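The values are calculated or read from the model by the stated rules, or taken from the named source; none is laboratory data. Because the structure is predicted, anything quoted here is derived from the model rather than measured. Every residue, glycine among them, receives a Cβ derived from its backbone with ideal geometry; neighbour counts consider all protein chains shown.
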Amino acid sequence: MGCVLTSPVELIRIQRQGSSSFRCAVAEMQGWRISHEDAHDMQCDSLSGAFWVLDGHAGDGAAIYSAPELGAEFAASGWRDTGELPDDQRLEAGFESVDSRLHAYCQSNPEKESGSTVTGALVGRQKDGTYSVKLLNCGDSRGLVVRGPTEEEDATELSVRLPAHLDALKAKQEGEGAGDATSGDAAPGVPGGSPTA
């Protein structure tokens with residue numbers, strides 16, 4: 001967490017957004033930190049919702065830059081017009097694209113160099129009124145899908161994949177006995193892996 005204040009900033013900022021199919025809210029509090037390092041992006045309409053939460057590390061640059069970039073990256077793919085969720089390859093390519101732009105941004109703005117973990121959810125409303133969800137993450141942040149008490153549980157196993165450049169780095173580090181590529185300073189920008197779908 002780095003440096004802390006002598007007393008917490010207890011002001012809570014609340015944002016709400018909704019549509020005919022979705023309602024969402026975010027409550028943010030700075031707490032004991034000297035500055036707020038987190039960011040979010042939320043977009044929803046009648047057929048889809050896209051929700052991103054970024055937990056900034058060592059500054060706010062990566063989180064503040066990447067939150068709207070993730071929203072725009074996946075909105076541009078057109079899935080929100082149909083509610084049909086993007087395939088896993090598109091999700092991985094989207095994360096890599098945002099990470100590449102973040103890296104360039106930090107190169108041009110060294111004072112903003114920092115890191116962030118990401119948790120996101122893409123939700124599509126289907127024609128029969130049900131919802132499809134893809135929960136995504138990069139780094140060590142996680143999300144939960146909560147179902148109503150009458151819903152049947154579908155414990156589908158989820159896979160975790162690293163983008164090719166991080167997979168190669170991980171293999172190299174493991175060969176050198178250096179540990180996991182998802183920890184430390186191994187990767188710039190949004191650390192640690194690709195979407196979990």
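Of note:
- Residue 77, sole failed condition from (1) of a type in the set (S, T, N, Q); (2) free of Cβ contacts under 8 Å to residues at least 40 places away in the same chain; (3) more than 21 Å from residue 126 (Cα to Cα): (3)
- Screening residue 73 with (1) over 21 Å from residue 23 (Cβ atoms); (2) charged (D, E, K, R); (3) modelled with pLDDT under 90; (4) part of a helix (DSSP H, G or I) gives one miss only, at (3).
- Sole residue being among the hydroxyl-bearing types (Ser, Thr, Tyr) and either surrounded by fewer than 19 Cβ atoms within 10 Å (Cβ to Cβ) or at positive phi (or both), chosen from 21, 48: 21
- Only residues that are of a type in the set (Gly, Ala, Ser), modelled with pLDDT of 90 or more and over 12 Å from the mean Cα position of the chain (by Cα) were counted in the stretch 76-96, giving 1.
- Among (1) part of a strand (DSSP E or B); (2) at pLDDT below 90, the one test that residue 37 misses: (1)
- Total residues in the stretch 1-34, condition in a strand (DSSP E or B) and farther than 25 Å from residue 122 by Cα: 13
- Number of positions in the stretch 100-147 that are out of contact with any Pro (no Cβ under 7 Å at 6 or more places or on another chain), surrounded by 17 or more Cβ atoms within 10 Å (Cβ to Cβ), of a type in the set (Gly, Ala, Ser) and over 26 Å from residue 48 (Cα atoms): 1
- Checklist (1) touching a helix residue (DSSP H, G or I) at 6+ places or on another chain (Cβ under 8 Å); (2) outside any helix (DSSP H, G or I); (3) on the phi < 0 side of the Ramachandran plot; (4) surrounded by fewer than 19 Cβ atoms within 10 Å (Cβ to Cβ) applied to residue 59, failing item: (3)
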